[in-house]
Amino acid sequence: MTNKGGVQRLEGKVPDEQFKELRTLLAEPDFRVLTGNHGGLIRQKSTSFGAEIPREDSTQRLQWLNPDGENSFPKSVAKVVDWLKHFEPTNGNPFAYAEFPQVCPSVGVRLLRPSVSANASPSR
């Protein structure tokens with residue numbers, strides 16, 4: 001994200017030390033056991049986290065939603081989010097998504113579908 005809220009896609013190499021930090025976070029047992037989609041009813045300002053991580057024998061796909069700013073992400077996800085917030089790309093080259101459609105996530109960007117409640121009268 002840019003300072004103005006836009007998306008900026010860069011290609012390049014993550015410095016070895018920063019990449020090592022990220023690999024350590026993704027290899028933590030608490031992170032590796034997380035699975036699936038975890039949503040919620042959006043009541044206020046929400047934040048979301050989505051990841052697709054290649055593993056030795058499969059791909060770990062996660063989508064988490066903090067629907068109201070009160071239900072925080074699991075600690076292992078929060079650590080990765082914190083790393084991403086502080087990551088500053090350097091020497092990256094801009095590219096258009098259309099030039100590299102295979103860039104992850106491979107299933108495409110999908111919005112979390114929050115739980116929905118109905119406000120209906122019972123049938124009589």
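Laboratory data are not the source of any read-out in this text; all were calculated from the coordinates shown. This one's a predicted model, so the numbers in the text were calculated from it and none came from an experiment.
Within straight-line reach of Lys20, meaning a Cα separation under 20 Å, sit the following aspartates and glutamates at least 8 residues removed in sequence or on another chain: Glu11, Glu28, Asp30, Glu52, Glu56, Asp82, Glu88.
Using Cα pairs closer than 8 Å and at least 6 residues apart in sequence, work out the relative contact order for segment 30-99, in percent. The partial results should precede the final answer.
Values: 77 pairs, mean separation 20.1, N = 70.
In percent, rounded to a whole number, it is 29.
Counting only the Cα atoms, segment 30-99 fills a convex hull of 154 Å³ per residue.
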